[in-house]
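Here the structure comes first, spelled out in structure tokens, and everything after it is commentary.
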Amino acid sequence: LYVDEGHEYRKLDFPTNRGSIKGIDSSGSQKAMDLFMKVEYLRGRNPARALVMASGTPVTNTMGELFTVQRYFQPAQLEEDGDGSFDAWASHYGEVVDGLEQNAAGGYESVSRFSKFVNVPELMSRVRSFMDILTSSQLGDLVQRPEVESGGRQVVVTPVPDGYKEYQKELERRIR
């Protein structure tokens with residue numbers, strides 16, 4: 001099965017006891033589950049030749065997405081490593097840290113989230129066994145990029161709109 005825009009299928013659900021950690025969304029999409037079931041069927045009929053997936057952004061910002069990609073391509077390897085469940089995988093490859101984050105009301109609250117990957121060489125060894133990764137500089141050899149008029153990024157700071165501070169205070173009141 002050849003799938004382009006594979007990032008559209010990275011919301012595969014998984015059970016977890018880590019639901020309170022910010023950035024972990026274990027709910028999935030029907031679209032991803034449909035693809036997963038088809039891949040499992042094909043894998044049963046023709047092991048190791050079930051799926052080819054292309055994406056410019058296979059992982060954006062969550063550990064669950066990388067776990068999902070591995071579930072599509074390496075379910076047997078995950079089981080062999082003892083990482084068949086998200087919680088086992090996350091314990092093996094991620095570190096949870098508590099920190100202060102600004103909320104919508106402008107106040108701060110303590111939040112637990114995965115802050116970094118650990119055992120990165122082992123994880124990358126697994127991922128690179130099925131994923132070809134191209135860096136931005138490597139893509140520059142393959143794709144002609146347009147020139148940016150200003151030559152680069154520009155940061156534009158805008159004034160705080162009228163009523164914004166009152167709106168934040170109202171949000172703070174509702175959050176508590």
Response to the item:
In degrees rounded to 10, the 0-90 angle between helix 164-175 Cα long axis and the longest Cα principal axis of the chain is 60 degrees
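To the nearest 500 deg cm²/dmol, what mean residue ellipticity at 222 nm is calculated for the chain from DSSP H runs of n ≥ 4 alone, each contributing -39,500 (n - 2.57), summed and divided by the residues? All intermediate terms of the calculation are to be shown ahead of the outcome.
On the way: 7 runs with 68 residues, N = 176.
It comes out at -11000 deg cm²/dmol, rounded to the nearest 500.
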Practice prompt. Pull up the DSSP beta bridges for the chain and report the antiparallel fraction as a percent, rounded to 5.
Written response: 75 percent
Discussion item. In the chain, once you exclude exposed GluC sites (Glu not before Pro) (DSSP loop, at most 11 other Cβ within 10 angstrom), what's the longest stretch remaining?
Written reply: 6-146
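Go through the range 40-143 and name the trypsin sites (Lys or Arg not before Pro) that are in a DSSP coil and have 14 or fewer other Cβ atoms within 10 Å of their Cβ. Please report the intermediate quantities before stating the final value.
Values: sites: Arg43, Arg45, Arg49, Arg71, Arg113, Lys116, Arg126, Arg128; in loops: Arg49.
Answer in residue order: Arg49.
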Item to complete: Would you mind telling me the share, in percent, of accessible area of the range 75-174 contributed by carbon and sulfur at probe 1.4 angstrom?
Response: 51 percent
Item to complete: Calculate, for the chain, the solvent-accessible area per residue in square angstrom, rolling a 1.4 angstrom probe over the heavy atoms of the protein chains.
Response: 71 Å²
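The values are calculated or read from the model by the stated rules, or taken from the named source; none is laboratory data. As the structure is a computational prediction, the values presented were derived from the model and not from experiment. Methodologically, a virtual Cβ is constructed for each residue, glycine included, from the backbone with ideal geometry; neighbour enumeration extends over all protein chains shown. Quick note on the areas: whole protein, heavy atoms, side chains included, nothing else; ligands and nucleic acids left out. Shrake-Rupley method; radii C 1.70, N 1.55, O 1.52, S 1.80 Å.
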